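Asker: Sharing a structure here in structure tokens format.
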Ligand SMILES: Cc1cc2nc3c(=O)[nH]c(=O)nc-3n(C[C@H](O)[C@H](O)[C@H](O)COP(=O)(O)O)c2cc1C
């Protein structure tokens with residue numbers, strides 16, 4: 001078996017991707033910022049920063065703090081809003097020839113549905129679809145009501161179903177790890193008709209300046225990402241994969257091809273790289289260079305052949 005025999009394409013519900021290596025929302029700007037470092041065309045998919053219906057200023061500074069093995073952030077969905085995205089950013093992204101999944105967040109179900117409808121419409125008016133799908137950010141810990149739909153299975157299922165009905169585009173539900181049962185949330189997203197479930201968003205945390213008796217983040221609490229959360233993310237992916245047949249996209253501390261392979265074996269059909277883009281902007285390219293050999297080493301011809309192959313010996 002040689003590198004040339006390996007098929008990197010993956011299918012997640014109705015979403016087909018040329019390869020399983022994507023970049024996570026909020027860690028890759030709107031892609032243009034990264035074009036000097038990354039051959040964008042090689043990516044399996046890009047998820048730009050989450051957009052909201054109206055522009056948002058985000059949270060007060062400090063918005064990021066480095067911790068021992070990760071990054072704590074409380075950006076608070078700072079963005080220019082849906083219309084600016086459609087007019088100024090979507091045309092650039094559409095030209096890249098890479099699957100783009102718009103990440104959206106609403107303050108309530110009506111706003112989520114409006115965003116899904118408007119983006120689907122904008123995606124098809126040019127005659128050729130500029131979006132490959134929509135990722136529902138129901139997991140942002142840094143805004144008020146940011147996780148309501150990601151922590152209540154009934155609300156989650158309803159929201160996913162409403163967005164699915166409002167848009168012909170494939171729907172990805174991005175879940176938060178800050179719940180008691182990730183299995184319940186994965187089942188709810190699946191029951192709502194999600195094409196794929198992405199997990200995890202950041203883990204709620206905080207940092208303290210004890211001398212000043214003050215929180216380090218302006219928003220007091222923030223979301224932890226990076227290597228520190230990889231074991232939590234692997235656990236969530238594995239548990240969710242036991243709970244549902246819906247395709248899973250693994251996220252959390254992924255920085256190398258070995259990390260990606262661990263997520264595939266745990267049950268993810270694709271992965272998103274996030275925080276690593278800040279300290280090694282070429283990480284996605286390194287992973288893509290190494291992936292065919294890693295799959296060949298695993299003795300498989302496609303990514304799907306390795307997904308969910310973890311052997312757990314019963315005790
Ligand atoms: C600075 C920063 C901003 C983020 N902004 C978003 C966002 O706008 N929407 C979203 O769904 N996730 C956002 N995330 C979460 C990431 O997409 C990802 O789920 C999380 O960081 C875990 O992956 P990682 O450990 O590889 O970074 C953000 C993460 C960071 C570090």
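No lab work stands behind these numbers, since they all come straight from the coordinates. None of these values were measured; they are calculated from a predicted model. So basically every Cβ, Gly included, is an ideal-geometry build from the backbone, and we count neighbours across all protein chains shown.
Asker: Roughly how many nanometres apart are two label points built 7 Å out from the Cα toward the Cβ at residue 96 and residue 110?
Answerer: 3.3 nm
Asker: Now, a different point. Determine the gain in length on full extension of the stretch residue 3-residue 305; use 0.36 nm per residue of separation and subtract their C-alpha separation, reporting nm with one decimal. List each step's numbers first, then the result.
Answerer: Numbers: separation 302, 0.36 × 302 = 108.72 nm, distance 1.52 nm.
Here the answer is 107.2 nm.
Asker: Ok, one more. Calculated from DSSP H runs of 4 or more alone, at -39500 (n - 2.57) each and per residue, what is the 222 nm mean residue ellipticity of the chain, nearest 500?
Answerer: On the way: 9 runs with 94 residues, N = 315.
Result for the chain: -9000 deg cm²/dmol, rounded to the nearest 500.
Asker: Another question, if that's okay. Note the full-extension length gain between residue 37 and residue 83 as 0.36 nm times their separation in residues minus their Cα-Cα distance, in nm to one decimal. Can you show the working numbers first?
Answerer: On the way: separation 46, 0.36 × 46 = 16.56 nm, distance 2.79 nm.
Extending this stretch completely gives an extra 13.8 nm.
Asker: How high is the FRET efficiency between residue 210 and residue 69 when r is their beta carbon distance and R₀ equals 30 Å, given to the nearest 0.05?
Answerer: 0.90
Asker: Next up: By DSSP, what percent of the beta bridges with both residues in the chain are antiparallel, rounded to the nearest 5? Intermediate values should be presented prior to the final figure.
Answerer: Numbers: 17 of 43 bridges.
Taking every DSSP beta bridge with both residues in the chain, the antiparallel ones total about 40 percent.
Asker: Now for a different question. Out of all DSSP beta bridges in segment 197-294, what portion is antiparallel? Express it as a percent rounded to 5.
Answerer: Roughly 50 percent of the DSSP beta bridges within segment 197-294 come out antiparallel.
Asker: I need the shape label for segment 1-138. Rule: rounded when a/c is under 1.5, else prolate if a/b > b/c, else oblate, with a, b, c from the alpha carbon gyration tensor.
Answerer: Values: a/c = 1.85, a/b = 1.20, b/c = 1.54.
Oblate is the answer for segment 1-138, as a/c is 1.5 or above yet b/c matches or exceeds a/b.
Asker: Whole number please: convex hull volume per residue of the Cα set in the chain, in Å³?
Answerer: Enclosed volume per residue, from the Cα hull, is 133 Å³.
Asker: In whole Å, what is the distance between the alpha-carbon centres of segment 39-92 and segment 141-178?
Answerer: Cα centroid to Cα centroid, the span is 18 Å.
Asker: Say R0 is 35 Å: what FRET efficiency, to the nearest 0.05, do residue 245 and residue 57 get from their beta-carbon distance? Kindly include the intermediate steps, with their values, before the conclusion.
Answerer: Working: r = 41 Å, r/R0 = 1.16.
Here the calculated transfer efficiency is 0.30.
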